[in-house]
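Read through the structure below, which is laid out as C-alpha cells, and then see the notes.
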Amino acid sequence: MSTESLNRECILIVDDEPANLKLLDKMLRSQGYQSLVLVDDPRLVVDLYRITQPVLILLDINMPHLDGYQVMEQLKALNDPLLPPIVILTAQHGKDYLLRALAAGARDFIGKPFDRNELLMRVRNLLDAQMAHRLMYDQKTVLEDMVQARTEELRRTRLQIVQRLGMAAEYRDEETGNHILRMSHSCALLARAIGWSEADCDLILNASPMHDIGKIGIPDAIMLKPGKFEPHEWEIMQTHAAIGGKLLEGDDSTLMCMAREIALTHHEKWDGSGYPNGLAGEAIPQSGRIAALADVFDALTSVRPYKKAWTVEAAVDLIKDNKGRHFDPTLVEVFLQELPGIVTIRERFAEPVAPG
C-alpha cells in the first residue's frame, strides 16, 4: 500500500467546535488528503468508525456528552487489530493530561491553537507508521493462511497414509478395502449415537481403518491359510493386535493415539476373555469397544475365503447372544437402535460385483 493510497483513505476528525473542524479540514485538504469525516458529536464516533474504517483519528479531549478518554475506551473495546493511531487535540499542556491520553491509547498529541507545519508533519509520520503496521498485519495474515493450508495438506496426507495402510492390512487378509470403509463409518455412527463430539467422531472414522495394521507382521503361511487355524497358529494370529499397537506407538497426534488404542484393544472382550491383555469392562477404551462391535458385525456379514456371508439377522442374533460377554452391553443396545443406519452403510460400501 502506497502513501498516496493512504492519503485517499479516511481520516476521522472529532471536535465539538465547528471552527476547529473547518480549520483542520482546510489544512489537510491543502495537502491532498481527500477523504475527511468531520464529527462534532462524540457519541457518533463508534458508528462512524465502523462505516468509514479510518486510517487516522484526530480527537479532541474536552467535549460534551463524551470526552476524548471515553471515546478512546469505546474504540479500544472494539478489539480491532488494525485500530488506527489516535492524535489528541487539546489546549491542555499539563503533563498529567498528556500522560493520561497516552495511557488511554493515544499515539501523539497536537496543541491548540494548531501549528500548521507541526500538524501536517505529525499526520504524515503517523500515516507512514500505520502503513507499515498494515503491511506487517497483511503479511502475518498471509503467513498464517499459508501455515493453515500447509497444516491441512499434512493432515490430508496423514489420513491418506492411514487409510492406505489400513487397506494394505486388509488385502493381506484377502479382503478389499471396502471392509474398512464399512467398519470405520459404522464406528463413527455408533460414536455419534452415544454422544461423542463431531470432532471425535471424525477422529474414530479416520483412526479405525488401522485396527488390523498388525496383520502385516503375521507370516503368510498363517495369514493366507484357507482353513481353520491350529492352536499354535491361532496364538500367532492373535499377536497382530499387539503388533499393531507397537507399530503405531511413538506418535503423540490424537489421530495416531486413537489408532493405536483401537489396534491394541479391538479384540478385548467385555468379560475379560479377549486379547492381547485380557482387559475387561470399562478398562477397555471406548474406542476399542466400538471398533470391536463394528468389526465383528461387518466380518460376519461379509464373504471370506473360509466362509459365506451371514445374514444381517444371524449376525445380530450372535451380537445379542454375546451382549455382556464379548461386547459392551450398553453399546449393543445402541447398535440395535442404529441398525438401519449401519445396514445403509453396508449397502453403500458393498463389495463390487465380479464381472460375468
Student exercise, the chain dipole from Lys, Arg, Asp, Glu Cβ charges, in Debye to nearest 20: 520 debye
Summed side-chain charge close to LEU48 - residues other than LEU48 whose Cβ falls under 12 Å, Lys, Arg +1, Asp, Glu -1: -1
Accessible area of region 1-112 divided out per residue, in Å², using a probe of 1.4 angstrom: 50 Å²
In region 203-289, chymotrypsin sites (Phe, Trp or Tyr not before Pro) in a DSSP loop with at most 15 other beta-carbon atoms within 10 Å: PHE229
If the convex hull is drawn through the Cα atoms of the chain, its volume per residue in Å³: 227 Å³
Dipole of region 200-291, positive direction: furthest Cα of LEU279, GLY245, ALA221, with charges on the beta-carbon: ALA221
Distribution of pairwise C-alpha distances over region 302-349, 10 Å bins, in %: 24, 49, 26, 1
C-alpha center-to-center spacing [region 267-283, region 200-216] in angstrom: 19 Å
Where labels lie 7 Å past Cα in the beta-carbon direction, separation of ALA309 and LYS228 in nm: 2.5 nm
Amide hydrogen neighbours beyond the local backbone of ILE110, cut-off 5 Å, H modeled: ILE88, LEU89, THR90
Signed unit charges on C-beta, dipole axis of the chain, positive-most listed residue ALA106, ILE262, LEU189: ALA106
Average silhouette area of region 173-277, convex hull of alpha-carbon atoms, in square nanometres: 7.5 nm²
Computed lengthening from GLU144 to LYS320, 0.36 nm per intervening residue step minus Cα-Cα distance: 58.2 nm
Kyte-Doolittle at least -0.5, axis length at least 24 Å by Cα - qualifying DSSP helices, the chain: 231-247
Options ILE88, PRO209, LEU127, ranked by Cα towards positive dipole end of the chain, top entry (Cβ charges): LEU127
When region 243-291 is reduced to its Cα atoms, the Kirkwood hydrodynamic radius in Å: 10.7 Å
Distance violations [Cα-Cα > 25 Å] among LYS215/LYS323; LYS269/LYS307; LYS228/LYS308; LYS246/LYS323; LYS26/LYS140: LYS215/LYS323; LYS246/LYS323; LYS26/LYS140
Equivalent-ellipsoid semi-axes of region 225-356, from the Cα gyration tensor, Å, largest first: 24, 20, 17
Accessible carbon and sulfur surface of the chain relative to its total accessible area, %, 1.4 Å: 55 percent
Rg in Å to one decimal, and Dmax rounded to a whole Å, for region 1-85 via C-alpha atoms: 12.6, 37
Over region 211-255: Kirkwood hydrodynamic radius from C-alpha pairwise inverse distances, Å: 11.4 Å
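The values are calculated or read from the model by the stated rules, or taken from the named source; none is laboratory data. Worth saying up front: this structure is predicted, and the values here are computed from it rather than measured. For neighbour counting, all protein chains shown are included, and Cβ atoms are generated from backbone atoms with ideal geometry for every residue, glycine included. Side chains included, ligands, DNA and RNA excluded: accessible areas come from the protein's heavy atoms. Shrake-Rupley method; radii C 1.70, N 1.55, O 1.52, S 1.80 Å.
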